[in-house]
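Working notes, structure below.
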Amino acid sequence: MQLLTIGLNYTTAPIDIRERVNFSPEQLKHALRNLIERELVKEVVIISTCNRTELYCHLENDTSHIIIHWLSHYHNVPLEALEQYLYTYHHEKAVRHLMRVACGLDSMILGEPQIFGQLKTAYHIARQENTAGQLLIKLFEHSFTVAKQVRTDTAIGSSPVSVAFAAVRLAQQIFGDLSSATALLIGAGETIELAARHLHENNLKRMIVANRTVERARQLAKEFAGYAITLPEIAQHLAEADIVISATASPTYLLTQAEVKQVIKIRKHRPMFMVDIAVPRDIEPAVGELEDVYLYSVDDLNEVIQENLRTRQQAALQAEEIIDTQVRHFLGWWNSLDTVEMICSIRDRAQQTRQILVIKAKRMLENGKSPAEVIDYLAHTLTNTLMHIPCAQLRQASYDGRDDLVVAARHLFSLNEEND
């Protein structure tokens, strides 16, 4: 049996290649069914995100070329244009890779949690399509357990390492529960969108989105049940905002110290948390001098992010140690599968012997033999019968000079010099 991982990610392939081999949700089920029909392919799970496409396969033997050719053909990407970007992992390395992916150690943002959910989705689709069997089910379930252990036992995901995430985490430190807070987001670019997503995921009560183009503000606000306004309307709504996050390309300040000072009076000195991610800045730095205002610039956040990144890197070392242990546990389970059939055969033979001797013992009782005599017969005969073949084989091994079998038998039966 071969366990194989073939894939590419943001470190090995440019975005135009990643786009070409990406599996849409609509394609994924068909792709799984199509690949499992290939000869020698026993199981398969496909994970496909914007940053990676990976195929986890259980094969009859090392037929990685079949998988690579299938991937090339399925997406109509010439083999010579694809192979240079692919990585291939076998056996132990494939196990370790999946566990590292599940823990966020192979992600663009170290320790990010999104990949865990994406892996679970890919796994459940494979289960639904019956393309994941005993080996991959065990591998993915074990990897999910490892990821949860790493999250619990290390600080890999506790420290924000993106500007948007750091901003929201700081807001939580100031306000605690965000379910009664209102946020004003100024701008509608990628960072503001990420901030909106993080705020929404943390149960923000109300969101106001201000942008130069109100249509773009409406699109973003609609996604998170917010309210859209134009930049000139900010003055009318600023007093409602407990949280202000701004990231525009404005050449001048959008909020001045004088304006915010008036707003603080209106708010009766309830605290305001403000994050200015823009360069040049949207919020006059002097705003930070006001009481009851917590103003952070992008440089302030970057200091937090760098410190948090160092924390995550230290946690990643701990995570690797956990993965080392769990890889050994999984490989131990996998290797034990080879002996399952043999163990079953040994047990079946012993059961047959037991049944034959039990029948004889019952007949002896029926013929008037004493229970003590029957028990002695049953124990003596059962012991001799079960030990006959192992002892005969061991004597022959010794006669043939097979010291390896003699040593193996000593280990198998837990014998030592004292037992001799």
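Does residue 156 count as at pLDDT 95 or above, outside any helix (DSSP H, G or I) and touching a helix residue (DSSP H, G or I) at 6+ places or on another chain (Cβ under 7 Å)? In short, no. Candidates 100, 96, 38: the one that is out of contact with any Cys (no Cβ under 9 Å at 6 or more places or on another chain), in a loop (DSSP other than H, G, I, E, B) and not acidic (Asp, Glu) is 38. Being over 27 Å from residue 156 (Cα atoms) and of a type in the set (Asp, Glu) is true for just one of 366, 321. Which residue is that? Sole residue among the options that is over 27 Å from residue 156 (Cα atoms) and of a type in the set (Asp, Glu): 366. Among the residues of the stretch 1-35, not one is in a helix (DSSP H, G or I) and touching a Lys or Arg at 6+ places or on another chain (Cβ under 7 Å). Here the stretch 200-214 is the region considered, the condition is being surrounded by fewer than 14 Cβ atoms within 10 Å (Cβ to Cβ) and farther than 23 Å from residue 252 by Cβ, and the residue that is modelled with the lowest pLDDT is 201. Just give me the residues in the stretch 256-271 being without any contact (Cβ under 8 Å) to a residue 60 or more places away in the chain, in a loop (DSSP other than H, G, I, E, B) and under 18 Å from residue 243 (Cβ atoms), in sequence order. Result: 267, 268, 269, 270. Counting only residues that are of a type in the set (Val, Ile, Thr), in contact with a strand residue (DSSP E or B) (Cβ under 6 Å, 6 or more places away or on another chain) and closer than 12 Å to residue 195 by Cβ, the stretch 137-181 holds 0 of them. All of 115, 125, 137 fail the test of being outside any loop (DSSP other than H, G, I, E, B), at pLDDT below 95 and in contact with a helix residue (DSSP H, G or I) (Cβ under 9 Å, 6 or more places away or on another chain), apart from 115.
Quick grid of which residues meet (1) closer than 30 Å to residue 313 by Cα; (2) in contact (Cβ under 8 Å) with a residue 24 or more places away in the chain; (3) touching a Cys at 6+ places or on another chain (Cβ under 8 Å):
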site: 141; (1), (2), (3): yes, no, no
site: 149; (1), (2), (3): yes, yes, no
site: 154; (1), (2), (3): yes, yes, no
site: 192; (1), (2), (3): yes, yes, no
site: 201; (1), (2), (3): yes, no, no
site: 220; (1), (2), (3): no, yes, no
site: 232; (1), (2), (3): no, no, no
site: 245; (1), (2), (3): yes, yes, no
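Restricting the stretch 58-75 to residues that are in contact with a Lys or Arg (Cβ under 8 Å, 6 or more places away or on another chain) and without any contact (Cβ under 8 Å) to a residue 60 or more places away in the chain, the residue that is farthest from residue 115 (Cα to Cα) is 60. Exactly one residue out of 293, 327, 304 is over 27 Å from residue 187 (Cβ atoms), of a type in the set (A, V, I, L, M, F, W, C) and crowded, with 18+ Cβ neighbours inside 10 Å: that is 327. Screening residue 133 against (1) more than 19 Å from residue 53 (Cα to Cα); (2) free of Cβ contacts under 8 Å to residues at least 24 places away in the same chain leaves a single unmet condition, (2).
The values are calculated or read from the model by the stated rules, or taken from the named source; none is laboratory data. Predicted, not measured: the structure shown is a model, and the values here were computed from it. Positions of Cβ are backbone-derived with ideal geometry, glycine not excepted, and every protein chain shown enters the neighbour counts.
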